[in-house]
Each structure stands twice: as C-alpha cells, then as structure tokens.
Amino acid sequence: MNPEPKHELFGELRSMLAKPRKDEPWAKALLELLSQAKQNLGQEYEASWLPYLHAAQDALPQPLCTVSSLDELERACTLAPSARFVLDVSFTKIGAEKAKAIANSPRHSLIGLHLNWTQIGADGAQALAQSPHLSGLTNLSLSGNQIGDDGAQALPDSPHLSQLTRLYLNYNQIGDDGAQAIANSPLSSGLKHLNLQNNQIGDEGAKALANSPHLSGLTSLDLYANPIGDEGAKALASSPHLSGLASLYLADDRIGADAAQALAQSPYLCESIREQWKR
C-alpha cells in the first residue's frame, strides 16, 4: 500500500474505512470527506489520497452508493474513481437524448442503472446497448419505457452488457420477437433475474424462453400479465433449462386445467412453484 497521506483529515478517512457497517449515509459522509480533502489539499489529493483509496478499495462496498444525476455521478467518480456506483434517475422523464448522454459518458464506474419510467423509448435502449462505457453493468432496469421489440432485441445483442445478472423490462410493449431475442442470445447466459411482466409475450415467446439453454442460470422469471396460454405454460413446465428457478410468475386467467396440472407436476420446477398451480 502507498504511504499514508499526511493530513489530519486522513485520520477521519482511515476511521471511516475501518467501520464494519457501510450503508448509504456512510457513503455520502465519505464522499463529503473526500470533497473536503480535495478542496483543501489540491494536488496532494491526486498524488496521495487517490492511490491510497485505490489500494484500499476492498474496504469499499460495491456499489459505494446510489446517485441520482449525471452531475452527481461525475462528482462521485472524480472523488473516488476506483469505487462503483448505481445511477437511478427513475420517474424523471429524461427521454432518449439524455439516455444517450448517459450512454456516452466516459465513466466506467456504473454497476447499476435504473431508468424506470423515463420515456427513453427504443432509441434510448439502443443507445445504452451500444455503449462500451456501460460494460461494468450487472443490474439494468428499464421498466415502463415502451422500448418494444426493437429495444428488447438491442439489449441481448450487445457485447457491452454481457455482465448483466439482473434485467428488468416490465411494462415495455415487448412481444414474442423481443422475448425470442433474449432467449436466443448467448449473452443472456449470465442472467439470474429476468422481469418481463406486463408485456405482450404470448405462447411463442414463452416457448422460446423455455427452450433456451442460455437462460439456465435464471433463479427468477417474471412473465405475469402477458398473454401466455396453455402451450406456453406447458413449455415452461417441461423445460430442463428452468430447473434453477426459485420463482416463476404467470397470470392464471389464460391457463387451463391441463396446463396448470403440467406446472403442478413439472419434474423440473421447484416445489414452491409447483404448489402455486395445484388446484
């Protein structure tokens, strides 16, 4: 590790890093301390504090904290460039152009991006998919953006989003083509949680998801409020690729007795899922 910086503020930094509980208030306090040190120390901050923080990054939670604007992200990344962050600007109606600005920001510090109900549309989703700056993302949430099949197809095709473990695309007017794109992409193989609730996915989309070896790592699949009927439900029940699911959500108003029985007696689905379908 680099020599410890010589300044009274450094004692506060060392004390904060030693604390066992590191939550959001702790992270905000840490950033304030770093801001104060940068303002007071100038070049010494760059020369000694940043190398020390980099060497001590194992003591930082990942993500360090959630920020709510690009300006706040830029500030946080300047103060702690070795840390990772979540950017959450949900419900702010940023539109496609600001989504493109996020995609084009040359920061590599995001591991989570939440743009729920922000009106980014398919254009915004495609811009995110094309961004090499988002290659560290493990959690992407784009609920309620009407990205449609075009946006849904761009995401699994992106080599920059191969680290994703959580993908939330509910309320997006995604149909069978979008579901098939996700199912057919080898880049979906890292996904653990996939939320496609309240879309327009029918039996063909459900069958594509069920037959995909790329989705064998899923532990949660949410297909609630999609027009999936008996054929789709039976495909899900008979899929060996979904044996790792701990939760599977389907609307039951389109699923008949035979399909419900297939789900309840599935040799692949876990007991808690099977119990939901016993009638």
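Tallying residues that are under 12 Å from Leu167 (Cβ atoms) and among the polar types (S, T, N, Q) within the stretch 117-143 yields 4. Summed over the stretch 125-151, residues that are in a loop (DSSP other than H, G, I, E, B) and more than 13 Å from Tyr168 (Cβ to Cβ) total 5.
Among the residues of the stretch 179-195, are any basic (Lys, Arg), closer than 19 Å to Leu245 by Cβ and over 14 Å from the mean Cα position of the chain (by Cα)? There is no residue in the stretch 179-195 that is basic (Lys, Arg), closer than 19 Å to Leu245 by Cβ and over 14 Å from the mean Cα position of the chain (by Cα). Residues that are over 24 Å from Ser105 (Cα atoms), among the aliphatic types (A, V, I, L, M) and surrounded by 15 or more Cβ atoms within 10 Å (Cβ to Cβ) were ranked within the stretch 37-86; the one that is farthest from the chain's Cα centre (by Cα) is Leu41. Of the residues making up the stretch 189-206, those that are polar (S, T, N, Q), at negative phi and out of contact with any His (no Cβ under 7 Å at 6 or more places or on another chain) are Asn195, Gln197, Asn199, Gln200. In the stretch 128-136, the condition of being at positive phi and modelled with pLDDT of 95 or more is met by no residue. Taking the criterion of being assigned to a helix (DSSP H, G or I) and either within 25 Å of Gln62 (Cβ to Cβ) or of a type in the set (Gly, Ala, Ser) (or both), the residues of the stretch 113-124 that qualify are Gly121, Ala122, Gly124.
The values are calculated or read from the model by the stated rules, or taken from the named source; none is laboratory data. Predicted model only: the values in this text are computed from it and were never measured. So basically every Cβ, Gly included, is an ideal-geometry build from the backbone, and we count neighbours across all protein chains shown.
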